[in-house]
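What follows is calculated from the coordinates using simple rules that are stated; it is not laboratory data. Note that the structure is predicted; figures quoted are calculated from it, not measured. Ideal geometry is used to build each Cβ from the backbone, glycine not excepted, and the neighbour counts take in all protein chains shown.
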Amino acid sequence: MNPSLLPSTFFIITIIIFTPTVVSSISYSDHCNSFSPEAIPTTSVFTRYPFLEPVTSHYTGGQNILGPNSPSQRSILFTPTKNLFRTESLETYKIQARLTFIQSNIYRFQSNNSRFYRPLVFYLDGFWSVSTNKLCMVGSANWVSKTGKPLELNAVLKLNFARFINLNNSLVSGILESLGSVDDRDYFEPISMMGFPRVAPFKYNYSLVSNEECDGPNGNNFTQEVSVASMKSLDLCSIFTNKFKSYKLDNNSMGLSPSVPAFLSLYSIQCSLHEKKLRFLLELQDRRYSPYDQSFNPNITLIGDGTWNGTKNEVCILACYILNQSDPLGSARVGDCSVRLTVWFVETRSITNTHTTEGQIWSTKKPGDDGYFELVKFQSFDHSFENYGSKYEFTKLEKVRQVCPSRRYFKREGASYPSGYNWDMTFDMFVNNGKANSTGSAVPIFVGNQFYNSYEIVGSSSSQWQAAPPSAATYTSSMNISYEIIFTMPFSWRLETSMKSSSESPIPIPLLRYTNGSVAISAEGVYDSETGRLCMVGCRKIPSFIIKSGFDCEIQVRFRFPRIDRNNGSFLIRGSIESLRDITDPLYFDRLKVVSLTYTETQAKESLWRMDLEIIMDLISRTLSCFFIVLQLFHVKKNPETTSLISVLMMVILTIGYMVPLMLNFEAMFSNTRYLQNIPLGGSGGLLEVNEVIVRIVTMVAFVLQFRLLQLAWNSKLRNDDNIGKSNWRHEIRTLIVCLPIYVIGGLIMLVANWKNNDYITSSQRSIWGDLRSYAGLTLDGFLFPQIVINIFQISKGKALSGLFYTGNTFVRLLPHVYDLYRGQKNISRQFDRFYLYANPRADFYSPSWDVFIACGGVVFAVIVFFQQRFGGRFMLPKRFQEAEYEMVPVVNNE
């Protein structure tokens with residue numbers, strides 16, 4: 001299913017599960033008997049009827065309820081329920097179903113002063129005649145108008161719907177019409193729809209396609225320019241099913257006219273392993289769509305059947321157009337099956353031939369006929385991380401020896417670097433040209449003559465996956481390696497205006513000063529596993545009107561991998577990408593610096609162990625917080641006269657400290673662990689998420705208890721008599737006047753200091769919000785400060801706080817800083833601070849100096865509170881500032 005439709009689909013499934021079946025009260029015979037006659041139900045049946053999915057369906061119309069028509073992302077989901085019945089008529093079934101309209105920009109309506117998205121769902125009831133292939137249903141849907149008024153949309157659905165299908169009768173087409181009058185507020189324009197259902201294998205007949213269909217025009221076979229990989233037909237289902245495979249049509253192919261689109265997509269909606277055949281949706285597009293933007297658009301889509309030709313090791317596809325789309329209930333059908341395709345897989349790849357798949361498409365019509373076009377070749381996009389049994393041919397090694405001269409680097413005894421055959425060689429990266437930053441990735445394609453399957457590595461534990469290196473007899477520290485490097489640049493490759501001609505560029509080079517978008521480089525070279533150094537020559541594709549060869553291979557790529565045998569404070573893979581051309585050359589570009597964004601395998605394992613430890617420490621800390629809050633609640637219950645002495649500002653700070661994490665949405669709740677998808681978690685990812693849920697639950701308990709303390713402190717000041725009550729609030733206001741400016745000034749100083757001192761990596765990641773978050777952590781560390789201030793104003797010796805409450809919470813707040821000192825700053829990598837689940841560098845100030853300062857400050861605050869509650873709030877001031885002291889005494893009850 002289209003990934004962009006997952007949220008809507010989840011909502012739809014929820015409706016299907018939890019919404020009771022609705023039987024329509026609309027008369028069926030009045031609206032449907034002439035299309036599909038009614039019959040008396042007899043027995044229920046359990047069978048899987050065909051249904052339409054968003055990726056294989058499309059609708060038009062209904063603008064007044066669904067918004068304007070758009071060329072894509074308008075799909076339907078037709079799902080019969082379990083209420084299926086046989087009838088007295090042998091070929092008629094009674095069906096209840098749901099018809100859901102899905103749109104990526106679904107109409108946003110307003111109800112009860114709130115805005116939200118919702119798909120339109122009709123609950124329908126009707127009959128299907130399998131002998132006439134006609135389905136008619138009536139029903140209704142609850143909706144809301146643009147002004148927010150509720151609508152009840154009554155409708156009749158009519159579909160042409162076959163039971164046993166082949167390529168010719170596979171189209172489902174029909175119309176949904178409103179039962180209201182044109183002037184009625186509930187009326188909507190007719191909605192036309194069409195699509196292709198998935199059916200059980202025995203209900204679909206691949207009757208039109210055969211290997212002979214793909215012999216080419218006039219029965220001639222084509223000579224393929226590259227060697228073809230020998231494939232097993234059983235691999236086809238996994239390659240094509242439920243995947244959009246995009247290809248680029250060759251602009252240099254003969255007969256290509258401006259009317260022929262530039263891109264081709266294949267999507268298999270069905271596959272038969274036994275017959276070695278597939279059913280395809282084939283889209284011809286003017287621009288390349290992302291897989292997340294794909295949806296069925298009948299204007300550019302053909303439907304086809306494919307079969308595997310084991311003799312030629314290729315897929316043969318026969319495709320047909322969708323005709324008469326404007327008449328969905330009448331003449332709309334699949335026809336004009338004059339399009340042929342063959343698809344094969346490349347056996348040998350190279351630095352300038354990186355695509356894995358090739359093919360050709362042509363028309364069987366005669367020249368001059370409407371819709372005729374000559375053969376057009378196509379190929380998969382460069383830098384596709386797939387391998388279908390192909391090999392790699394290194395063609396730039398001689399040039400690598402020239403641009404990467406052999407040097408004697410110092411080899412430290414016992415040093416260990418990535419071997420070149422494991423997960424450590426794949427990394428995400430920052431790219432910087434001195435002016436702006438970008439992100440990208442670097443993935444090995446071949447190591448020696450062995451394919452590097454990055455998807456297999458990421459999907460499994462790296463400790464369990466390890467590509468088999470060469471035998472010990474042939475193994476050396478230096479190995480040939482090829483890479484695919486992709487990054488998106490917000491700045492341009494510097495292409496200056498030049499009118500000169502050269503052997504490579506016989507035509508004038510136009511002004512191409514700024515070109516945004518993705519940059520893809522194929523590179524090959526030599527990696528030394530004893531020094532961790534990789535040097536390669538790279539090629540980037542250039543439009544053929546700029547350079548005749550189509551490639552700029554004057555690029556040097558260097559990476560240096562860190563040691564994996566110890567933590568030396570650097571988690572970075574550093575490198576550069578630079579042009580070997582003269583600075584005056586039009587294809588010259590400025591040197592790019594590269595730093596990695598990912599862990600090595602060893603560091604990933606160590607981080608997982610650390611994360612398990614940290615989340616346990618976090619859970620223990622929050623559990624202790626709950627315990628200390630409960631002790632304070634018992635304390636105020638036993639000594640109610642001390643409640644009014646508690647600082648409300650301190651209670652607010654502590655309450656907010658528990659509340660803010662709970663205000664994060666569900667997605668952010670797992671934000672830390674979601675970033676772990678790029679490291680080999682194995683089975684630990686789920687455990688981390690479960691532990692985080694437990695932490696959130698304990699945090700919720702702490703928040704409720706702390707809020708109860710805040711409520712008691714607030715109410716105690718209100719319950720006192722007028723004079724004492726005014727005095728309590730006067731002290732509280734004075735405390736706020738003293739503390740608030742200190743907090744504001746400290747925050748401003750922190751923002752200014754951090755703004756000036758942010759380094760290269762953190763400057764692109766940190767923000768004002770992140771700085772404020774750190775300062776909020778510092779404020780929580782000094783939570784006792786408002787209590788100290790109010791004790792000074794109140795003078796009394798009252799024991800407002802339980803000893804275990806303020807000392808215990810001080811311990812809980814300072815423990816992360818003690819742990820940070822133990823952990824050591826050398827183990828913290830700022831670009832991976834999202835992985836720190838306890839003592840997170842983004843949530844507080846963590847450095848050796850800050851850790852010592854905050855720990856000492858917290859202890860000092862706790863000691864001051866202890867002496868204030870024993871000797872008076874102003875015990876530390878000179879005697880002339882110590883006014884008369886009043887001890888709180890128990891209130892005598894007259895009873």
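Put a dot 7 Å past the Cα of Thr42, heading toward its Cβ, do the same for Met700, and the two dots end up 5.3 nm apart.
For Ala262 and Asp612 in one chain, what is 0.36 nm times their gap in residues minus the Cα-Cα distance, to one decimal in nm?
Extending this stretch completely gives an extra 121.0 nm.
Taking 0.36 nm per residue of sequence separation and removing the Cα-Cα distance, the Asp250/Arg401 pair yields an extension gain of 51.0 nm. Peptides 146-155, 622-631 ordered by packing proxy, namely the average of other Cβ atoms within 10 Å per residue, highest first: 622-631, 146-155. With each label modelled as a point 7 angstrom along the Cα→C-beta vector, the Asn168-Arg734 pair spans 9.7 nm.
At a Förster radius of 25 Å, what calculated FRET efficiency corresponds to the Cβ-Cβ distance of Ser131 and Glu189, to the nearest 0.05?
0.20
Determine, from the Cβ-Cβ distance of Asp30 and Ser238 and an R0 of 51 Å, the FRET efficiency 1/(1 + (r/R0)^6), rounded to the nearest 0.05. The partial results should precede the final answer.
On the way: r = 50 Å, r/R0 = 0.98.
In this case the efficiency is close to 0.55.
When each of the peptides 30-41, 352-363, 643-654 is scored by how many other beta carbons lie within 10 Å of its residues on average, the order from highest to lowest is 643-654, 352-363, 30-41.
Using the beta-carbon distance between Val693 and Arg773 and R0 = 22 Å, what value does 1/(1 + (r/R0)^6) give for FRET efficiency, to the nearest 0.05? It comes to 0.50.
You can think of it this way: the chain between Gln450 and Ile656 has 68.6 nm of extra reach, that is 0.36 nm per residue less the Cα-Cα gap.
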